[in-house]
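Chemist: Structure in structure tokens, see below.
What follows draws every value from the coordinates through simple rules; no lab data is involved. Small disclaimer: the values here were computed from a predicted structure and weren't measured. Glycine also receives a Cβ, built like all others from the backbone with ideal geometry; neighbour counts cover every protein chain displayed.
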Amino acid sequence: MTTIDNYRKGWALRYLREAKAELTAAQNTPPMASTLVLEAMKKAQEAIYYSLGDPASIGLIVRQTLQGTQIIKDPILRCLVEIERTIQQAIQTPKANRQEAINNADKLIQIASEIVELLTGEKAS
């Protein structure tokens, strides 16, 4: 396993903390929930990207893969594509069931937490 530099580790942990805060705010502020849930999901995704490498490059690879029709064999890339699909679905149906959106964001943040913790060796608070 490769280690990441302190810059990327710092950003990964920061985005993860912010994702958790956005989700808490979504749970406590129903009128803003759809916007806050979406922000929480995007920040969790960014935390993963920073822990894996260059976020811009990873995002490009994920978006290109998402547009393709081939079966994704790499389990990491498949996970990243599923996260992107979840976020795209949340964007397309912003007024969907609020609790379902919060649950999806919570699951995504849990996945991001596990990935970031594994790759950084640190637990986000």
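Chemist: At 222 nm, what helix-only mean residue ellipticity would the chain give, in deg cm²/dmol to the nearest 500, using -39500 (n - 2.57) for each DSSP H run of four or more?
Modeler: -26500 deg cm²/dmol
Chemist: Here's a follow-up. Output ³J(HN,Hα) for the stretch 20-36: one whole-Hz value per residue in order, computed from phi by the Karplus curve 6.51 cos²θ - 1.76 cosθ + 1.60 with θ = phi - 60°, and x for Gly and Pro.
Modeler: In residue order, the calculated couplings are 5, 5, 5, 5, 4, 5, 4, 5, 9, 10, x, x, 9, 4, 5, 5, 5 Hz.
Chemist: Please rank D106, D54, fewest neighbouring Cβ atoms within 10 Å first, as an exposure proxy.
Modeler: Ascending number of Cβ neighbours within 10 Å: D54, D106.
Chemist: Taking the Cα centre of the stretch 12-86 as origin, work out the dipole magnitude from +1 charges on Lys and Arg Cβ and -1 charges on Asp and Glu Cβ, in debye rounded to 20.
Modeler: 80
Chemist: Among the listed pairs K42/K73; K9/K123; K9/K73; K9/K107; K43/K73, which are separated by more than 18 Å between their Cα atoms?
Modeler: K42/K73; K9/K73; K9/K107; K43/K73
Chemist: Roughly what would the spin-label model give for Q27 and K123, points 7 Å off Cα along C-beta, in nm?
Modeler: 1.7
Chemist: Can you find, among N6, S125, L38, the residue farthest towards the positive end of the dipole of the chain? Put +1 on the C-beta of Lys and Arg, -1 on that of Asp and Glu.
Modeler: It is L38, whose Cα lies furthest towards the positive end.
Chemist: Comparing S57, S113, S34, which has the greatest mean-square fluctuation in the GNM of the chain with Cα pairs linked when under 10 Å apart?
Modeler: Ranking S57, S113, S34 by mean-square fluctuation puts S57 first.
Chemist: Picking from T24, T69, T35, which is most flexible by a Gaussian network model of the chain using Cα springs under 10 Å?
Modeler: Answer for the Gaussian network model of the chain: T69.
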